[in-house]
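A short write-up of the structure that comes next.
None of the figures in this text is laboratory data; all of them are computed from the coordinates on show. Every value quoted in this text rests on a predicted model; they were computed, and no experiment measured them. Note: ideal-geometry Cβ built from the backbone for every residue, glycine included; neighbour counts use all protein chains shown.
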Amino acid sequence: MKKMLSLAAMLAVLSYASPASAELKITGDAAVRERIQYDNSTTAKDLKTQYRIRLKTSADLGSGYFFKSMMQNEGVAGGWQTVAATNTERNPIEVSNFYFGRNLEDSHYMLGRIPLNSVNNPIYDLTLYPVPTSFTSAGVYAVDIPVATWNFDRVFGLNYGTKVGCGDLNATIVVLDNNSTIENTPATGDGLFNDGYLLNLSYKTNIGDVTVEPQALITLTDAQGNTYQKISPNTAGANISIPAGKSKIGLSGFYTICRDTKGMKGTVATNVDYDGYLLRVKGESGPVTAWVDYNRTRDRSNPIGSSAPETTYSNAFLWAQYNIKVHESATGTFSLTPTVRYRASGREVTALYSDRINQLRGELYATVTF
């Protein structure tokens with residue numbers, strides 16, 4: 001707590017720096033969440049009290065140059081700290097994302113840990129979690145915002161965007177991992193350039209009142225995935241936003257594929273062979289937000305020199321919430337948001353067996369923004 005107060009005091013001092021310095025603006029949010037969870041794989045029932053605070057800073061440096069950052073606890077999933085026995089938990093504030101760049105009339109560029117907005121764009125969820133990390137209640141799946149929860153909704157990269165025709169073209173070179181070594185060896189493969197690099201391309205335009213954004217993630221070098229390593233998956237699809245009076249309908253569809261004969265699973269050389277898709281239908285109307293995801297992935301990967309049966313993973317997911325504005329002013333808001341999250345996951349191993357894991361979460365968020 002002393003460290004948090006010291007950090008807040010330092011930011012406050014910086015925000016009142018001399019006129020010759022850039023003006024530093026501080027915003028953020030703090031929330032308390034009550035979560036009840038039921039998981040049919042272990043018949044577990046659990047009630048947790050959790051909290052999160054995020055501090056955001058921004059600075060206008062003049063002539064279009066800017067700096068932005070966000071700080072939160074990255075020691076726990078999503079930054080949500082659970083109250084421990086006799087309040088012994090710690091909640092350190094760390095730099096979660098930061099980026100700087102320049103906005104011009106028809107273009108922009110920025111560099112750093114760039115936020116993804118992955119809650120509204122599931123392309124990274126499918127790319128990073130096409131195959132569950134484990135088919136258990138603790139596994140991470142392609143649905144239920146895994147990148148926002150487990151990867152803190154940011155990547156390190158260099159982004160450039162410009163107007164092309166009647167739309168906006170964005171390209172981002174992403175550094176996924178630091179897997180390079182000093183020398184090229186059979187074990188590491190590519191030596192100096194063995195880091196994982198990815199190219200993210202998107203084009204956002206309007207067709208009448210409908211917003212269409214085709215997007216692709218192209219892995220440029222072998223990357224370290226969550227289930228498989230030394231792989232080069234590619235993903236493509238689109239997000240579509242359709243206005244409907246005072247409401248909005250969102251449609252998303254993405255397909256991913258990976259074929260790597262020199263992949264790894266842990267320390268085991270593996271022929272990686274999978275493909276999958278994720279579909280989303282989302283509705284927003286006033287205080288109500290809800291979406292349904294469906295993901296299906298076929299995994300035919302097997303250790304080199306052996307065979308393994310094909311495994312099909314399927315996930316259906318529902319997120320529904322209602323936001324109640326208790327107080328709203330020019331300086332901040334206070335809101336309550338009851339939320340339901342339900343995931344039904346299935347695994348089918350060809351000619352052997354099939355099983356399911358269902359998870360239900362009921363949550364109540366109390367959130368202040370400032």
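Structural remarks
- The charge dipole of the chain, taken about the Cα centre with unit charges on the Cβ atoms of Lys, Arg (+1) and Asp, Glu (-1), comes to about 760 debye, rounded to the nearest 20.
- Given charges at Cβ of Lys, Arg, Asp, Glu: the chain dipole, positive-most of Gly28, Val268, Ile123: Gly28
- Projecting the Cα atoms of Ser285, Ser306, Leu318 onto the charge dipole of region 277-331, computed from C-beta unit charges around the Cα centre, puts Ser306 farthest toward the positive end.
- Modelled spin labels at Thr261 and Ser354, positioned 7 Å past Cα toward Cβ, are 3.3 nm from each other.
- Whole-Hz Karplus values for region 305-313 come out as x, 9, 10, 9, x, 6, 10, 10, 10 Hz, taken residue by residue from phi with 6.51 cos²θ - 1.76 cosθ + 1.60 and θ = phi - 60°; glycine and proline positions read x.
- Length available on full extension from Asp177 to Ala238: 0.36 nm per residue minus the Cα-Cα distance, which gives 19.4 nm.
- Taking every alpha-carbon pair under 8 Å whose residues sit at least 6 apart, region 23-98 reaches a relative contact order of 27 percent.
- Both radii come from the Cα set of the chain: Rg as radius of gyration, Rh as Kirkwood radius; their ratio Rg/Rh reads 0.97.
- Average silhouette area of region 295-370, convex hull of alpha-carbon atoms, in square nanometres: 7.8 nm²
- Each residue, Glu310 and Ser107, gets one label point 7 Å from its Cα in the Cβ direction; the gap between the two is 4.6 nm.
- Segment Ala85-Leu47, length gained on full extension (0.36 nm per residue, minus Cα span): 12.3 nm
- Where trypsin sites (Lys or Arg not before Pro) in DSSP loops with at most 12 other Cβ within 10 Å are excluded, longest remaining stretch of the chain: 91-245
- Computed over region 228-356: relative contact order in percent, which uses C-alpha pairs under 8 Å that are six or more apart: 17 percent
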